[in-house]
Amino acid sequence: MQQRFYETRNRVLVALLMLVVVSLPSLVQAKNACPAGSVVLDSTTSSVRNLDGCIWYLEDAGHELAIDDILAMPEEQFSLHRGGVLNFGYTDSAYWTRFDLTTRGSQVASNWILELALPLVDEVWLYVVRDGRVVEQRRAGYLDNWDDRDLAVPNPTFRLQLLPDATTTVYLRTTTTNTFRLPVTLWHPDSYIEKVSIDEAVRGVLLGAILAILAYNLFVAVSVRERSNIYYVLYLVCAAVFIGTEQVHGVQLLDNRPPILDKAYLHFQIILTWFFGLLMARSLLETQQRSPDLDQVIRLCLYSVTATFVLSFFMPYSVAMEWIVVGSILLSLILIVVSYLSWRYYNPAARSYFFAWTMALIGFGIYALTVMGYLPLNTFTTYAPQFGLVAQIILFSFALADRIKQVQGEALAWNQRALANLQRYQSLFDNAIEGVFQMSPDRRFVTANPAMAELLGYSSSRELLQDNPDVLET
């Protein structure tokens, strides 16, 4: 077992090293993203993913400012953002952001795509300003009709046509009830098509993996009818609904957004995912039967999740989401400790469960470091939580397989013990010196030992049973 632990640990470390290597190219590119305070676009620019040092922001707590008010303000009213993705957490304020786009080395107008990687944003207004005048304005938001968007994609995107050798100022007014992050990226149309194709492939693989594992475990749950498998299937259903809602992926193919995939219920989806995850942990780790102390910890977590579910009906959405995010981190740490202690002291099947929660926490940790600016924004870091969740789900399957194997081993051991007891009983029955027999209601012999057959004048028990005399007349 110790050797298998070291092998698994080494595999995890190698995987993390490979992911860091994948992130390094973007880290190098991020250093030279915004020279001279303006985003410079030329014929060699394919994308600008880091606007560090170019984005200026202003908080509008009362939602009172219009674009004319913003243009009339001194530029000193805005604050320059430095360090990672612009992030204000959960806030009711509207935020204005501003940055300059400078084109060079072109004789004709160039086309660009501005993407805000925030699919759950309530509303974002784009204002294009030249020579102090608004020359274009557009909006996008969560409740948009997909046909009204520049591009029918989950993230709000805007087509920009920039004049040659000129500077254009772009203002964004953004409001959202979810976590307020502004990962703004500029794309050349060709690069954006390549980016979208990669995103769709990644999303398809992640969601497809979850659905495939769900289908397989649904079959296993119906066949085996093991309680932990049933909880796991319900956990997968809630996780798949959460990912579909949070990524707004595939909704554009539907005429209307189903209520179950509406972000207004995102916090309830997270709570239900945790609820079934904790029930699965309690069943899989066998805490109720084998560790009362650990079971008490999981029960307290279940009570907390249930209380949060009820309180969420009375709390503001942003407050509930912030509380649930903090609680999710605490619950992940608790389950890592509980599964490790379970694995260490009494349950080998908890090994995969321990690594499952560790991988999930690593995924969310990488994403948190990205938002805070310590890691570059790229495909891997953007989807790090989803990668961690898929790795967790796969390892859960291994844990459940270990659990089924363990249950089968216990059942086989019980069968072997029962067979041994039966053999001992048969030996006592056959070697008894007294006559022992069983009689049916119609007074016929059902079984008889050799001593009984000898008393009745038969050479063997088989001869007695074949003759089948009346018990009371012999």
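Dipole size of segment 199-293 about its Cα centre, with +1 on Lys/Arg Cβ and -1 on Asp/Glu Cβ: approximately 260 debye, rounded to the nearest 20.
Relative to the present Cα-Cα distance, how much length would full extension add between D470 and I193 at 0.36 nm per residue of separation?
Net length gain for the segment: 90.6 nm.
Per-residue 3J(HN,Hα) values for segment 67-74, derived from phi via the Karplus relation 6.51 cos²θ - 1.76 cosθ + 1.60 with θ = phi - 60°, read 4, 5, 5, 5, 5, 7, 6, x Hz in sequence order (x marks Gly and Pro).
When the solvent-accessible area of the chain is split by element, carbon and sulfur atoms take up 60 percent of it, the probe being 1.4 Å. Helix 189-224 and the longest principal axis of the C-alpha atoms of the chain enclose an angle of approximately 20°.
Taking Cα atoms only, the orientation of helix 384-431 departs from the longest principal axis of the chain by about 0 degrees.
Give the calculated FRET efficiency between L71 and S46 to the nearest 0.05, with a Förster radius of 22 Å applied to their Cβ-Cβ distance. Walk me through the numbers before you get to the answer.
Numbers: r = 31 Å, r/R0 = 1.43.
Approximately 0.10, to the nearest 0.05.
Legend: calculated FRET efficiency, L333 to S93, from the Cβ-Cβ distance at R0 = 25 Å, rounded to 0.05, equals 0.20.
Taking the charge dipole of the chain about its Cα centre, with +1 at Lys and Arg Cβ atoms and -1 at Asp and Glu Cβ atoms, the residue from A432, L419, A212 reaching farthest to the positive side is A432. With respect to the chain, whose longest principal axis is taken over its alpha-carbon atoms, helix 292-311 is tilted by about 50°. Projecting the Cα atoms of C301, Y340, L369 onto the dipole axis of segment 225-384, where Lys and Arg carry +1 and Asp and Glu carry -1 at the beta carbon, places Y340 farthest toward the positive end.
Evaluate the charge dipole of the chain about its Cα centre and quote only its size in Debye, nearest 20, assuming +1 on the Cβ of each Lys and Arg and -1 on the Cβ of each Asp and Glu.
1120
Put a plus charge on the Cβ of each Lys and Arg, a minus charge on the Cβ of each Asp and Glu, and nothing anywhere else: the dipole of segment 74-216 about its Cα centre is then about 180 debye.
Write down the accessible area per residue of segment 170-295 in Å², having rolled a 1.4 Å probe over the full set of protein chains. Can you show the working numbers first?
Numbers: 5410 Å² over 126 residues.
Computed with neighbouring chains in place, this is 43 Å² per residue.
Stretching the chain fully between R444 and D150 yields a gain of 96.9 nm (0.36 nm per residue, less the alpha carbon separation). With all pairs of separate Cα atoms included, segment 127-276 yields a Kirkwood hydrodynamic radius of 18.5 Å.
For the pair V326 and S38 in one chain, pulling the backbone fully straight at 0.36 nm per residue adds 100.0 nm over the alpha carbon distance. Classify segment 198-355 from the C-alpha gyration tensor, please: rounded if a/c falls under 1.5, else prolate or oblate depending on whether a/b exceeds b/c. Since a/c reaches 1.5 but b/c is at least a/b, the shape of segment 198-355 is classed as oblate.
For segment 88-168, a/c is not less than 1.5, where a ≥ b ≥ c are the root eigenvalues of the C-alpha gyration tensor, and a/b tops b/c. That puts it in the prolate class. Can you tell me the FRET efficiency between E123 and A212 if r is taken as the Cβ-Cβ distance and R0 is 51 Å, rounded to the nearest 0.05? For E123 and A212, the calculated efficiency is 0.90. With each label modelled as a point 7 angstrom along the Cα→C-beta vector, the Q252-N431 pair spans 8.1 nm.
Sequence-ordered 3J(HN,Hα) estimates for segment 276-284 from the Karplus curve with 6.51, -1.76 and 1.60 and θ = phi - 60° stand at 6, x, 5, 5, 5, 4, 5, 6, 5 Hz, glycine and proline given as x. Distance between the 7 Å Cα→Cβ label points at V237 and L163: 5.9 nm.
Go through [x] 22.9; [y] 21.0; [z] 33.3 and flag the label whose value is the computed mean projected area of the Cα convex hull in nm² for this structure. The listed entry that was calculated here is [z].
Considering only W274, T179, T447, and ranking their Cα positions along the charge dipole of the chain that arises from unit charges at the beta-carbon of Lys, Arg, Asp and Glu, the one farthest toward the positive end is T447.
Specify whether the C-alpha gyration tensor of segment 51-99 places it in the rounded, prolate or oblate class, a ≥ b ≥ c being the square roots of the eigenvalues: rounded for a/c under 1.5, otherwise prolate if a/b is larger than b/c and oblate if not. Note, shape of segment 51-99 comes out oblate.
The values are calculated or read from the model by the stated rules, or taken from the named source; none is laboratory data. Keep in mind it's a predicted model, so treat the numbers as computed, not measured. Reconstructed Cβ throughout: ideal geometry from the backbone, glycine too, with neighbour counts over all protein chains shown. In case anyone asks, the SASA skips ligands and DNA or RNA and just uses the protein heavy atoms, side chains included. Shrake-Rupley method; radii C 1.70, N 1.55, O 1.52, S 1.80 Å.
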